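A.B. asks: Supplied in structure tokens, the structure appears directly below.
The values are calculated or read from the model by the stated rules, or taken from the named source; none is laboratory data. Predicted, not measured: the structure shown is a model, and the values here were computed from it. So basically every Cβ, Gly included, is an ideal-geometry build from the backbone, and we count neighbours across all protein chains shown. Only protein heavy atoms, including side chains, enter the accessible area calculation; ligands, DNA and RNA are left aside. Shrake-Rupley method; radii C 1.70, N 1.55, O 1.52, S 1.80 Å.
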Amino acid sequence: MERAEAYGFSGAMSGAFLLSCLLFAAVSRRQRAPYMDEVFHVPQAQAYCHGRFLQWDPMITTLPGLYLLSVGVVKPAAWLLGWTGSVVCSVGMLRFINLLFSAGNFYLLYLLLFKIHQKNKAVSGFQRILSALTLAVFPTLYFFTFLYYTDPGSVFFTLFSYLMCLYGNHKTSAFLGFCGFMFRQTNIVWTVFCAGNVVAEKLNEAWKIELQKKKDEKISSRRGSFSDLTRILQFLVEYLISPKNFVTLTTLTWPYIILVSLFFVFVFINGGIVVGDRSSHEACLHFPQLFYFLSFTVFFSFPHLLTPTKIRKFLLSLRKHPVQYSLITVISLFLIWKFTYVHKYLLADNRHYTFYVWRKVFQRHELVKYLLVPCYIFAGWSFADMLKSKSIFWILMYFVCLVAVTVPQKLLEFRYFILPFLIYRLNIPFLSLYRQLLELAFYILVNAVSFYLFLNRTFQWENSDEVQRFMW
């Protein structure tokens, strides 16, 4: 990192943290008591603060990573600074933990952008800083910086694990993956993703050697025809069933294999992935979640994915491959018909944006969910087109992880899309400075609207005296 870039990054990070502190103060003044899921998280952390480690709220569905880390930070800080009484492990103090995670996420995002795009000499330091700042204030994640939720810590340990994986420190990566798993069980998928990065790299190296042996065959290691894809899949199977290759990959990925094995032991002993209340967190094959995620990604990355050039390229692709797109359309319609689920929370809780998306869009008419298929197909094509610089093996690995982390979820919840979106966004190419600035301005606008609604547009339910607020 050059000196000018270092100064620029320090200034951006310090400025963002200062503004976050001011916003944190505003949120804490307006909403002093625990809100939404905080009514479970805060008392649990406070019980740990008082040494009651055997106490557990059965409504909590995640492991105690957030509470253990909070106690590990707050207790030593209270001892060093001489804090006593109610200030120790207060709601504000616990929420401040996520403000620290937010600063850490900013730093990790910058380091990941630097590492992933280090070969692209055309990318300036200012562009890296700007992209890191943009992703650090990504609205769905940034909002929960100011509440005591698991999301900022979950993202922090997952991004840290990914960074260590890219630097080849796989034991540290697996340990950080375990920390992420302790915040949210589904983060085990991103441990598999880290292992998949190692496997994809080896596969790509072997594939390039295979191509050199067959110079007369025009096979692309990036993206090609259906025939090329068939040959790549054949190569993939042959490579993985080779005992020598299996031993090599196992030697490289054994820390991740141990962690995934421990996960399966946990699932067996626990009787499922969810720790506490399972009645509202049933796994199912909810394939339309992929379509919702693609729409979510296009919405938040429209400067990258929704451009006139991309629309023209998509229409050209549509004209060149009508049979393939017709088949994709039929499959999409079938998946929507047979695998659409509507969670009771989605219909009942009018504090979340998803409630209004579902009511204003999907509940207008029974046919709306089918009429959106062309939009989903464009979103999927544009999404995949931005990844064409990655190897086919990386794309396959990412897609498998994306399916694993979204499809089993019955509830449409934008927080579940945070990590797959960030990892996608980190790996797409840098675009023009204008589009980056447009993306940042859009995120700032969305955040401004979200916090305005949360702080100022309160309402009450008929059967409750508590103040209700709009949120993600």
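A.B. asks: Only Cα pairs under 8 Å and at least 6 apart count here; give the relative contact order of the chain as a rounded whole percent.
C.D. replies: RCO, the chain: 20 percent.
A.B. asks: Can you tell me the order of 459-471, 409-421 when each peptide is scored by its average per-residue count of other Cβ atoms within 10 angstrom, highest first?
C.D. replies: Ranking, from highest mean packing down: 409-421, 459-471.
A.B. asks: In addition: With the cut-off at 1.5 for a/c, could you classify segment 317-469 from its C-alpha gyration tensor as rounded, prolate or oblate?
C.D. replies: In terms of gyration-tensor shape, oblate.
A.B. asks: Listed highest first by mean packing, meaning other Cβ atoms within 10 Å per residue, what order do 273-284, 97-108 come in?
C.D. replies: Peptide ranking by packing, descending: 97-108, 273-284.
A.B. asks: From the backbone phi of segment 245-254, what are the Karplus-calculated ³J(HN,Hα) couplings (6.51 cos²θ - 1.76 cosθ + 1.60, θ = phi - 60°) in whole Hz, Gly and Pro given as x?
C.D. replies: Listing the rounded values in order: 5, 4, 5, 4, 5, 5, 4, 6, 10, 4 Hz.
A.B. asks: Next question. Once the Cα atoms of helix 125-136 and of the chain are each reduced to a long axis, what angle between those two axes, in degrees from 0 to 90 to the nearest 10, is obtained?
C.D. replies: 60
A.B. asks: Please report, in debye to the nearest 20, how large the charge dipole of the chain is about its Cα centre when each Lys and Arg carries +1 at its beta carbon and each Asp and Glu carries -1 there.
C.D. replies: Value, rounded to 20: 1240 debye.
A.B. asks: Take the alpha carbon gyration tensor of segment 1-96, find the square roots of its eigenvalues, order them as a ≥ b ≥ c, and report rounded if a/c is under 1.5; if not, report prolate when a/b exceeds b/c, else oblate.
C.D. replies: Prolate, since a/c reaches 1.5 and a/b exceeds b/c.
A.B. asks: Something else: Quickly estimate the mean residue ellipticity at 222 nm for the chain, helices only: each DSSP H run with n ≥ 4 gives -39500 (n - 2.57), and the total goes over all residues, rounded to 500.
C.D. replies: -22500 deg cm²/dmol
A.B. asks: Provide the solvent-accessible area of His365, counting protein heavy atoms only and rolling a 1.4 Å probe, rounded to the nearest 10 Å².
C.D. replies: Probe radius 1.4 Å; accessible area of His365 about 100 Å².
A.B. asks: Pop out the ³J(HN,Hα) list for segment 409-418 in order, Karplus 6.51 cos²θ - 1.76 cosθ + 1.60 with θ = phi - 60°, rounded to Hz; leave Gly and Pro as x.
C.D. replies: Those phi angles translate into 7, 7, 7, 7, 9, 4, 4, 5, 8, 4 Hz.
A.B. asks: Same structure, new question: What are the aspartates and glutamates whose alpha-carbon lies under 20 Å from the alpha-carbon of Lys121, with same-chain residues fewer than 8 places away excluded?
C.D. replies: Straight-line reach from Lys121, under 20 Å: Glu2, Glu5.
A.B. asks: Related question: What does the C-alpha gyration tensor say about the overall shape of segment 107-148? Classify as rounded when a/c is under 1.5, otherwise prolate if a/b is larger than b/c, or oblate.
C.D. replies: Taking the square roots of the gyration eigenvalues as a ≥ b ≥ c, segment 107-148 is prolate.
A.B. asks: Can you list residues from other chains, or at least 5 along the same chain, whose modelled amide H is less than 5 Å from the amide H of Ser280?
C.D. replies: Correct list: empty.
A.B. asks: Going toward the positive end of the dipole of the chain, with +1 on Lys and Arg Cβ and -1 on Asp and Glu Cβ, which of Leu445, Phe430, Gly8 do you reach last?
C.D. replies: Farthest along the dipole direction, towards plus: Phe430.
A.B. asks: Still on this model: For helix 288-300, what angle does its Cα long axis make with the longest principal axis of the chain, in degrees from 0 to 90 and rounded to 10?
C.D. replies: On a 0 to 90 degree scale, this one is about 80.
A.B. asks: Could you list, in their original order, any pairs among Lys119/Lys310; Lys115/Lys208; Lys310/Lys410 whose Cα atoms are separated by more than 30 Å?
C.D. replies: In this structure, Lys310/Lys410 exceed 30 Å between Cα atoms.
A.B. asks: Another question, if that's okay. What does the charge add up to near Phe287, with Lys and Arg as +1, Asp and Glu as -1, over the other residues with Cβ less than 13 Å from its Cβ?
C.D. replies: Here the count lands on +3.
A.B. asks: What number, in percent, do you get for the relative contact order of segment 129-190 if the mean sequence gap of Cα pairs under 8 Å and at least 6 apart is divided by its residue count?
C.D. replies: Relative contact order here is 27 percent.
A.B. asks: Taking the Cα centre of each part, how many Å lie between segment 158-208 and segment 291-310?
C.D. replies: Centre-to-centre distance over Cα atoms comes out at 26 Å.
A.B. asks: Please tell me the relative contact order of segment 120-261 in percent, rounded to the nearest whole number, where contacts are Cα pairs under 8 Å and at least six residues apart.
C.D. replies: 21
A.B. asks: Relative to the first principal axis of the alpha-carbon coordinates of the chain, what is the inclination of helix 170-183, with its axis defined by its Cα atoms, in degrees from 0 to 90 and to the nearest 10?
C.D. replies: Compared with the principal axis, the helix lies near 50 degrees.
A.B. asks: A further question follows. Could you work out, for segment 241-338, what percent of all Cα-Cα pairs fall into each 10 Å distance bin, beginning at 0 Å and stopping at the bin that holds the largest distance?
C.D. replies: It works out to 11, 19, 24, 27, 18, 0, in whole percents.
A.B. asks: Please report the accessible area of Lys338 (heavy atoms, 1.4 Å probe, ligands and nucleic acids excluded) in Å², nearest 10.
C.D. replies: 110
A.B. asks: Going by Cβ distance under 4.7 Å, what cysteines of the chain have no possible disulfide partner?
C.D. replies: Result for the chain is Cys21, Cys179, Cys284, Cys375, Cys401, no neighbouring Cys Cβ within the cutoff.
A.B. asks: Let me ask something additional. What are the aspartates and glutamates whose alpha-carbon lies under 13 Å from the alpha-carbon of Lys202, with same-chain residues fewer than 8 places away excluded?
C.D. replies: Result set, ordered by chain and number: Glu210.
A.B. asks: Let me ask something additional. Show Lys202, Lys390 ordered by accessible area, largest first, where the area counts protein heavy atoms only and the probe is 1.4 Å.
C.D. replies: I get Lys202, Lys390, largest accessible area first.
A.B. asks: I would also like to ask the following. With θ set to phi - 60° and the Karplus curve 6.51 cos²θ - 1.76 cosθ + 1.60, what are the ³J(HN,Hα) couplings of segment 258-269 in order, to the nearest whole Hz, using x for Gly and Pro?
C.D. replies: Residue by residue, segment 258-269 yields 4, 5, 5, 5, 4, 4, 5, 4, 4, 4, 5, 5 Hz.
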